[in-house]
1. Place the peptides A:100-109, A:182-191 in order of packing, highest mean first, counting for every residue the other Cβ atoms within 10 Å and averaging per peptide.
2. Averaged over peptide A:130-136, how many Cβ atoms belonging to another chain are found within 10 Å of each residue's Cβ?
3. State to the nearest 20 debye the size of the charge dipole of the range D:144-213 about its Cα centre, where the only charges are +1 on K and R beta carbons and -1 on D and E beta carbons.
4. For n ≥ 4 DSSP H runs only, could you compute -39500 (n - 2.57) per run for chain C, divide by its residues and tell me the 222 nm figure to the nearest 500?
5. Enter the accessible area per residue of the range B:3-279 (Å², integer; probe 1.4 Å; all protein chains in place).
6. How much mean residue ellipticity at 222 nm does chain B get from its helices, if each DSSP H run of length 4 or more adds -39500 (n - 2.57) and you divide by all residues, to the nearest 500 deg cm²/dmol?
7. Once each part is reduced to its C-alpha centroid, what is the distance from the range C:6-31 to the range D:164-193 in angstrom?
8. Using a 10 Å cut-off on Cβ atoms, rank the peptides D:125-132, C:145-152, C:241-248 from the highest mean neighbour count down.
Amino acid sequence: MSGRTGRTEDAARASEPEVVAGADGAGGSRTVEPVLSVRNLTTRFHTRSGTVHAVNGISYELRAGETLALVGESGSGKSVSALSVMGLVPPPGTIEHGQVLLNGRDLLQASERERRDVRGREVAMVFQDPMTSLNPVLTVGRQLAEPLRRHLGMGAREARAASAALMKRVGIPNPADRLSDHPHQFSGGQRQRIMIAMALACRPSVLIADEPTTALDVTIQAQIVALVRELQDEMGMAILWITHDLALVAGFADRVAVMYGGTIVEEAGVGELYADPRHPYTRGLLASLPRLDDPRARLTSIEGRPPDLKAPPTSCPFASRCDWAVDRCEKEVPPLMDVPSVSGRSGPGQHRSACWRWDDLGGAVDAAFPGRAEAGEFA
Amino acid sequence: MSERSGFWAELSRHRLALASVVVLGVLSAACLGAPLLAPYAFDAIDLSSIQQAPSEDHLMGTDDLGRDLFTRVLYGGRVSLLIGVLSAVLATVLGSAVGVVAGFYGRAVDNVLMRMTDVAYAIPTLPLLIVLASYTEATAVSMAVVVGLLSWMTTARVVRGEVLSLKEMAFVEAARSLGASSGRIIWRHLLPNALGPIVVGATLAVGNAIILESSLSFLGLGVQPPTPTWGNMLMDAQATMATKPWLTIFPGLAILLTVLAVNFIGDGLQDALDPSARSSR
Amino acid sequence: MTAYILRRVLQMVPLLLGITVILFAVIQAAPGGPEGALLESGRFIDPSVVEAYRARLGVDQPVPVQYVRWIGAALRGDLGVSFSTTRPVTEMIIERLPATLELMGSAFVLAAILAFLIGTLSAVRQYSWFDHLSTSASFLGIAMPVFWFGLILQLVFGVWLGWLPVAGTGSLSGGGLLNHLQYLVLPSIVLSLRYVAGWSRYLRGSLLGALRADYIRTARAKGLSEGAVVGVHGLRNALIPVVSIMALNLAGLFGGAVITETIFAWPGIGRMFVQAMFARDYPLLMGILLLGSVMVVVFNLVADIVYAALDPRIRYE
Amino acid sequence: MSDQPKGGGSPTATGKTPTATGKTPARPDDIDARSEGSPEPAPPLLEVHDLVKHFPVRRGFLQRQVGAIRAVDGVSFDIHPGETLGLVGESGSGKSTTGRTILRLHEATAGSVRFRGQELTTLDREPLRRERRHMQMIFQDPYASLNPRHTVGTILREPLDVHGVGDPSERRARVHQLLDRVGLDPAWDRRYPHEFSGGQRQRIGIARALATRPAFIVADEPIAALDVSIQAQIVNLLSDLKDELGLTYLFIAHDLSMVRHISDRVAVMYLGRLVELGTRDAVFAQPLHPYTQALMSAIPVPDPKLEAERRPLILQGDIPSPAAPPSGCRFHTRCPFAEARCRTDEPEWRDLGTADAPHLVACHFAEGLSNEHTM
């Protein structure tokens, strides 16, 4: 018991310098070691009707205090990649290969017991649907106390006090009284606050937020986003924010990675991604949002459907829907390539695109997204 | 890929269910064709060969009156299967009707029908059946009717629950917004989508009815001798169980095999009829 | 919670009324009316019994009046007088009740424990050899006629192996508790078989469903051990629907007791019921049926309360 | 009521299939007579007046009514032919219930709904059934709104069967025509819904709504369940259909940016009441109600620079329960500008717009509020 507490204090102390560095660097410093580093992660689902190539060798890094947004539509593999990091891929899914380095240690090589010690303590997760993610038959106090008792070795009374403090911190009124209430007695927004409190109970160094506001109304979404940003300033954790909403993360992510068909197709600092998207899919997503300056303008839609993940990728996954596609796109899978950054801070990993024709695609979407005819000229 | 081919593909994945279809088919054919197939008459008494162990002449041996057990098992199956199928049909139709009406119309109708179902559910079926069976000499059809009238409650409850959730589905609302009548909604939207649990309930009802009938016959209350049923054959065998076990084992196995096959088919159908189990993914 | 229980108790009243109406209709439907069997049987019966019964039923009265009288008497604990023994039915039932309760209780507990263990293990180890074995066994258990299973067990354990007694109950005073328990083993197993099979299947399905729920993922994301995930978060939710099935099955258990007691000559209500049936002793039959139905209703009430205790959402509804 | 022609004589929706009755009244609400941009404003196609829908809360053994969910609590608006009215609000605001009550999928508790001049709330079953031909609905969930056991052909033929439109071969031709019109291969009519993607299913739902050539469509969050890249496809399809077929939409959504894109006028709903109603440009350029301002402020903008400069107005707390709405102004519990008066006095529904562009709002202090939080 005491040994476990000791270890926690050690861990907390060990992570302190990083937190400070991350906060100082305001997400810009690339010299700090990443807290989470995912390399070549590949996850597949072996179903009766074939193998689903859900995540196909994605890599990204996350530094202390930084927010990386993983943006993609349903079926892009963003949620599966998060569950892979947590070691919670449901059967029949398996992680085929890759590395998940958390503070330098590869979680995929760790034993299940070690992974359990990490989950909820060093890396925690908030899920999409706060209505179903809390156990309906247990009090929220009990559920909040679980990570505290499991990881910090708290006793019942201590955990109860800490739970009440957590509830208070995330903005639940009368926290002490409400510990003995059940989830259905809270609103959707409050349940998501409780989920966040539970995830942050042990002050993890990484928080994975899987579409935490998708099931909520916009006004509640704004509350939740503000709360998470506040807590990040306070605790300094790194955040992997998964969403389908390109607009949502513009306000608070440091970097954005766009996923399509199980791969990251573009990654850049937040300003740069919106100002100078270098992948046709990113450009298509941005173009399909209603324009602010001209709400009447016809929306630009991406025709076609997302790729069938049951076939192993042999071409650029976006090729069949892409106005820019050339022969090469059908034959060779484009890797993530470094793109010169317009923001001045050019260098490896600043801006990456998985498009053979990234060089033809510069500039903001509103001005430069070409029609089909123009695309033909390039080809 | 059409809905139907998906259905067969799913069903064929259940090898046990398919095997059960074959077993039940053969069994039913044999029982129905008993007058043609059976080597002896079911009531042919042969005092020269009583209580013989299974042999070439008598595949399952003979009983205490020298009657051929194999013949009697085949004839007994006619009664069991008739009662099983007939009462299951009755129970399913009645239960589905009660369930659909209660679920679809809701409110007072639902309340009245469901309280009736509760009442019927609370009275233990077998004892009630025993009392009713003691009133008159049972025939196969009368037993099937009584058993059917006492076993509709589970189907009613399940179907009601199904209808209650289906009723809230957007496609039912869409049909209403098109101006579809209640009858159309029930027949074309609710019932087809509740088919899975209805069919599964029906197969379970067949098995239950066969067991109920044999239990009654075992107590001497079922279809009366000399018409053989699997239940009254077992009753006759009880006294000589220790010395002539085949008299007990074969009719019992016949019940077990039939009910088992019916339940396996129901299990297979449950998966095959569930559209969510074979979505495009 | 108290209000909830009170409401459930109130809801029992119309249910019980409905049951008595049906049961009374069943008596009335007996050939020659409720006392018909008595008159046509031709056996010697104390004429005062017939008279008393006729008087209490008031057979000359309209049927609704007869019903009101019958139920009035039943409420006072007077279920009439047995045709065959001329003793009060209530007295006869009370005499036999302990044996039946013992059998039903032990079968119920046995079934619940085994079903819990088998169901949990097959869900946690889905598609393991244990799961396949228990699945096959439960299909057999559900398809097995109770009486045939009883006969087979008697044959194997009583006749061939000679390990256990096949009939009767043994006397507690004569042979002691252990001896008595030996008599209980086979009937309990026979009676519980169907429910072990049914409940374990049901719990397996229910637990598998619960283990797919989002909150299970949350629990795992907290780093809880698999034992805590299944035990604390899975089972509690999975047990909720199983409890109501267990209660609903009590009617079947009562029916099964009739057969089981007959096979094993267990001196309980079930055996008395079959004897009463052959004697066409309608007052006794009715009394037992009424008792069985009331047991079912009461047990369902208990299940509802357990349900509400397990699922907080019900309480606040 | 009685002086109006019964349903059978009602004018057809789009004029593409003139009815046999020939008794089409030459009333100005015949939308075919209306020409785009005509200076003479046509009378409303739909007039909703003081619509109320309360769902009873029953409890106890006798199922006594112990309260009511006041989902819609006095809502009034008109929709003119060819217009799209966007209805926005959070979940629990009653916007979906409003749409369903208009179509009488729920029975109104009180109030009036006049469609083409005819009162719907009191219409008998058979004339209502006939009227349903002219008003249709598109549903949110493209998975739940199609019967999984019916082929696409059957699904699209159902409205024609129900209303006895055409003979079998005409119906088949119409089904193919509908599939083609929404951008699906007509040869797919034998497929089942589960063989289609979400976007394709929504196209099928739209085709079904179009089958009887309705004049008016309630689109209940038709894109909320779809992926971003598919949303634009569906919104474009809806706009094209509107222009081509002269449709009138009530477009229900929580996504303000899409509403802004597709609507001519916008109505904002909160807790069963309308709080603001005006032309799209007026409401977005100058939202008058603090709730509208908060809603707009909460929409994320896909531009990091703009986002960095914004000072969003974040509402505190949750939407209260519609079973016990707050007194006075229903928004006062979350309103950053609320004063004592807001807790007691219910704000009037006032017009602060111009003569030709009314801009209605229900706030005591609408004139004095700044819009600094919105863009």
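The values are calculated or read from the model by the stated rules, or taken from the named source; none is laboratory data. Values in this document were obtained by computation on a predicted structure and should not be read as measured data. So basically every Cβ, Gly included, is an ideal-geometry build from the backbone, and we count neighbours across all protein chains shown. For the accessible areas, the whole protein counts, side chains as well, though only heavy atoms, and no ligand, DNA or RNA atoms are used. Shrake-Rupley method; radii C 1.70, N 1.55, O 1.52, S 1.80 Å.
1. A:182-191, A:100-109
2. 6
3. Dipole of the range D:144-213, to the nearest 20 debye: 120 debye.
4. Value at 222 nm, helices only, nearest 500: -24500 deg cm²/dmol.
5. 40
6. -22000 deg cm²/dmol
7. 56
8. Averaged packing, sorted descending, gives the order C:145-152, C:241-248, D:125-132.
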